[in-house]
Amino acid sequence: MSGSGLGMLAAMLRRLVISSVAALVLLVGASTSEAAPAPSSGSPAAAVKEKAFTYRVSMKDPARHEFQVEIGLSEVPGKSVDLQIPRWNPGSYNRTDAHRNIRAVVAKNGGTPLPVEKIDAITWRVHNDGKPFRLSYRVFRGKYDGIGGAYLDDAMGFFNGAHVLMYVVGQKSRPVELRVDPLPGTTVVTGLRRGGAANTFTASDYDVLIDSPVQVSKVDMLRFEVAKVPFRIAVAGEGSYDKDKLVGDVKKIVTAAFDVFGGAPGAVDFSDYTFIVHLRPGGRGGLEHLNSTVVAADPYAFSEPETYNRFLSLIAHEFFHLWNVKRIRPAVLGPFAYDREVHTGMLWFSEGVTSYYAWLLLSRAGLLTEAESLEKLATVIQRLQETPGRKLITVEQASWETWNKPDDGVNAYVDYYTKGMLLGLVLDLELRRATAGQASMDSIFAELWRRFRENAKGIYPSELEALFIRQAGVGGADEKVKKLFTDYVHGLVELDYNKHLEAAGYVLSVDVDASIGDLGIDLGGGKDVTIKRVVPDGPGEAGGLASGDEIVAIDGRAVDLELAKRQIRAMAAGSNHVVSVLRGGRLLERRVKAAGGGEKKYTVASVPTPSLEQLAVRNAWLGLTPSAAALSPAPAAAAQPATPATPATLQPGGGLSLAPKG
C-alpha cells in the first residue's frame, strides 16, 4: 500500500474507533469472612441516620434443608407491621413462589409472643402496638434449582435474598445489618460490605441486601486486579479449570468491558467485584447483581474449547450487566416493586444487547479468533431463523410477555436474547457505516453511562430510540435508523442480514443439503420418542402429527430416539411414510410425505475483496489488528466473483437464495 493509502487508512481508523472503558469489582466474605465496601444503590444518603434492621441467617440443621431466619425491627411507626417475601428475584423475570417454603413464623417482644396474621400469599402482619420485636421463621430449600434460587445441605448454603429474606413494607430504604452463621469449615462469600464482627455485613437498604447473594461453602479463591480494582473468583466445587488461565482470560474480558465505558475511574462506581462460580454436573446459567454475579458450569466445561468458550461468554454476559441493567436500566426496574410482576418491552436491549456485547468482548479480548466469532454469529442467526415465533410476535412484545410465555413457545414466541443480540449487531453496524465511526453501539453506551452518572435514573423505550436516532443524525441516517426500529423492534420485518453485514465486508450464506430427509418435527426423549415441536406448515403438520405425540414406529419398525432420527434423515424428498403414534392412549397412524433439506449450514464469511472502508469498520468493530497486507486493495486487473464462493447467492434486495446441493 502507498504511503498516502496508509495515511488515509490511519485517519479512517481514528475516526472509526470510539471507545470507552468500564470497571469491575469483587468481594468476598468468609466464616474466614472477607468483604469490602459495596457500591451505592444510587439513592442519596439519608439526612438522619436511621436505626438498622438486623437480619440473622443460620444453618443449624442442614439435613432438614432449612435456613433459620431472625429479623430484629424497631422504630417502625404504627400499631402493626407488614412484612413480605418478594414474588420475584430481580434479573430473573419469573415468579419465585418463595412464600410456599416459609414456615414457623413467630414474633416476640422480648419473651412476649405477638399476634402474627397472614394477610395474603406473601404478606405477614405483626400486631406489635409500636413496640420493637424479633420475627423468626424457617425456609425450606431442599432442591438446588440454579443460580437464581437458594439451597442448603451439609456442604453448601447458598441464597438469593428474594427467596429467604422478608422486607418491611414501606421501610425498604432502612439500612440493614446481616449476620450469617455458617456451616463448619466454610467461607462466606458475598458482595456486601463487611460489618464490625465476623460474618456480619451491612447494606444501605433492602434493595442492596437482596442484590447480594450469599455463598457459604469451601471455595477456591482466585484474586486479581484490573485498573487497581480488586476482583475475586470464588469457585465452589471441583473442576478441570486451570487457575492461571481462568484468571488471565477473565482479566481480558474485564479489560475489554472497561474499554466500552471509558476506563477507570470514570467507568467505575463500585469498589470491588465478585464472581461466584458453582461447578455442578449439568450446571448452566448466570444471574447479575449489583457488584457480583453467580454463574454455574459443568465441572469439566473447561476441558473442551467449545464448552470453555461458552463459559467465558457467560462470564462476559453477566459482567457486562454490571452496566447494562444494574445501572443503565429500564425505568421500571428500580426502585423495585417486589410484590408484583414488573413488565418492560426493553429486555431485547437489556438482555439481548448484553449477549451481543458478550460475543463482542470475547472477540475484542482476543479470546475468539475472527473465524470463531463468525461461526458463533452464524449459529445465532440460524437459531433465530429456525424460530417460527419470530413471524408472530415482536421482540418488544416478547420482552413484555416473558413472565407469561405460551405453552407452545417454541412456535409462538421469539427469544429476546437471540433477536436482541442480532438487533445490537444491526444497529451497531449501521451507526458505524452512516457516521464513519463517529457513532456506534459503544458511543450509545458512553452516552447512557454519562446520563446514569449524572442522575442515576432509568430510561424509557422512547428515550432509547431517540438516542439512536440522534446519534445516527451525525451521518444523516436518522430516518434510516428510525425505520430500523419501526421494522425490527416494533414490527415483524425479517432482518436483512446481508444488507447490514455488508458494512463490514461480510456475507451470510445458507447451504441446504437436500439429500437429508425432513418431517418438520423436533424429537426428544430416549426409549420413548416424543414429538417436542411440529414446524408450522411443515410436512409433519400436513400429515397430522402433533406435539406431544409419542412415536412408536415408522413404516412398521419400532424406533428409539436415535433410530427415529436416522430413519428420518434417510428419507427421500417426496417419499411417503407411515408414522405410528400414541396420543392420549390412542394408537394412531399418520401418513406423512417427507421433504428434503433436513440439514442447513449457516456461514458468515468475508466477501472476496473487502474495501478499505469495510476493513476499517470490521477492525474497529471486532477489535481485529489491521495489517498492511490484509488491507491492500486487490490489483486492478483482478476479477472479483459476482457471487460469494458458497452455495447461496445474494438476490437484488439483499436476501438469501438457498441453493440445494444434491
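Give or take rounding to whole Å, what are the principal axis extents of the alpha carbon atoms in region 412-497, in descending order?
Principal extents (Cα only, largest first): 41, 29, 17 Å.
If I ignore ligands, DNA and RNA and count only protein heavy atoms, how much of residue 51 is accessible to a 1.4 Å probe, in Å² to the nearest 10?
Residue 51 exposes around 110 Å² with every protein chain in place.
Would you check the accessible area of residue 211, probe 1.4 Å, heavy atoms only, in square angstrom rounded to 10?
Per-residue accessible area (residue 211): approximately 10 Å².
Given the rule -39500 (n - 2.57) for each run of at least 4 DSSP H residues, summed and divided by the residues of the chain, what is its mean residue ellipticity at 222 nm, to the nearest 500 deg cm²/dmol?
-8000 deg cm²/dmol
Taking a virtual spin label 7 Å from the Cα of residue 61 along the C-beta vector, which residues in region 128-145 bring their backbone nitrogen under 20 Å of it?
Only 135-144 pass the distance filter.
For the charge dipole of the chain, defined by +1 on Lys and Arg C-beta atoms and -1 on Asp and Glu C-beta atoms about the Cα centroid, which residue among 203, 291, 481 has the Cα displaced farthest towards the positive pole?
Toward the positive end, the furthest listed residue is 203.
Starting from a Cα-only point model with no solvent, please compute log10 I(q)/I(0) by Debye for region 567-632 at q = 0.16, 0.19, 0.22 1/Å.
Reported log10 I(q)/I(0), two decimals: -0.68, -0.84, -0.97.
On average, how much accessible surface per residue is there in the chain, in Å², for a 1.4 Å probe, leaving out ligands, DNA and RNA?
Details: 27680 Å² over 662 residues.
The answer is 42 Å² per residue.
Sort 418-431, 359-372 by the packing proxy (mean of other Cβ within 10 Å over each peptide's residues), most packed first.
Result, highest mean Cβ count within 10 Å first: 418-431, 359-372.
Once you have the alpha carbon radius of gyration of region 297-378, what is it after dividing by 2.2 N^0.38 Å, with N set to its residue count? Walk me through the intermediate numbers first.
Working: Rg = 15.3 Å, N = 82, 2.2 N^0.38 = 11.7 Å.
Dividing the Cα radius of gyration by 2.2 N^0.38 Å gives 1.31.
Using a 1.4 angstrom probe and counting only protein chains, how large is the accessible area of residue 270 in Å², to 10?
Approximately 20 Å² for this residue.
For the residue pair residue 155 and residue 221, what label-to-label distance in nm results when each label sits 7 Å from Cα along the Cα-to-beta-carbon direction?
It is 2.1 nm.
Which entry in (1) 30.3, 120; (2) 27.6, 96; (3) 44.9, 138 matches Rg and Dmax of the Cα atoms in Å derived from the coordinates of this structure?
(2)
What is the Cα coordinate range of region 131-254 on the first, second and third principal axes, sorted by size from largest, in whole angstrom?
Dimensions of region 131-254 along the principal axes of its Cα atoms: 55, 35, 26 Å.
Note the direction-averaged projected area, equal to a quarter of the hull surface, for the Cα convex hull of region 502-621, in nm².
9.7 nm²
How large is the charge dipole for the chain, taken about the Cα centre, if only the Cβ atoms of Lys, Arg (+1) and Asp, Glu (-1) carry charge, to the nearest 20 debye?
Value, rounded to 20: 1000 debye.
If I compute solvent accessible area with a 1.4 Å probe over the protein chains, what percent of it on the chain is carbon and sulfur?
Ligands and nucleic acids excluded, carbon and sulfur reach 52 percent.
What percent of all Cα-Cα pairs in region 52-208 falls into each 10 Å bin, going from 0 up to the bin containing the maximum distance?
10, 41, 38, 11, 0
Counting DSSP beta bridges in the chain, what percent are antiparallel, to the nearest 5?
Looking only at bridges with both residues in the chain, the antiparallel portion is about 80 percent.
What does the charge add up to near residue 505, with Lys and Arg as +1, Asp and Glu as -1, over the other residues with Cβ less than 10 Å from its Cβ?
On the way: positive: 618; negative: 502, 613.
In short, -1.
Would you mind computing, in nm to one decimal, how far apart the modelled labels at residue 391 and residue 251 are, each placed 7 Å from Cα along Cα→Cβ?
Going by the 7 Å Cα→Cβ label model, 5.1 nm.
With each pseudo-label sitting 7 Å past Cα toward Cβ, what's the residue 105-residue 332 distance in nm, one decimal?
Here the answer is 2.7 nm between the modelled labels.
If the chain between residue 522 and residue 79 were fully stretched, how many nm would it gain, using 0.36 nm times the residue separation less the Cα-Cα distance?
Working: separation 443, 0.36 × 443 = 159.48 nm, distance 5.94 nm.
Extra length available between residue 522 and residue 79 comes to 153.5 nm.
Could you work out the mean projected area of the convex hull around the alpha carbons of region 325-441, in square nanometres to one decimal?
Numbers: hull surface 35.6 nm².
Averaged projected hull area, Cα only: 8.9 nm².
What FRET efficiency comes out for residue 140 versus residue 117 if R0 is 30 angstrom and r is the Cβ-Cβ distance? Round to the nearest 0.05.
0.85
Quote the FRET efficiency, to the nearest 0.05, computed for residue 97 versus residue 600 with a Förster distance R0 of 41 Å and r equal to the Cβ-Cβ distance.
E between residue 97 and residue 600, to the nearest 0.05, is 0.55.
The values are calculated or read from the model by the stated rules, or taken from the named source; none is laboratory data. As the structure is a computational prediction, the values presented were derived from the model and not from experiment. Positions of Cβ are backbone-derived with ideal geometry, glycine not excepted, and every protein chain shown enters the neighbour counts. When the accessible area is computed, the model is the full protein with side chains, heavy atoms only, and any ligands, DNA or RNA have been set aside. Shrake-Rupley method; radii C 1.70, N 1.55, O 1.52, S 1.80 Å.
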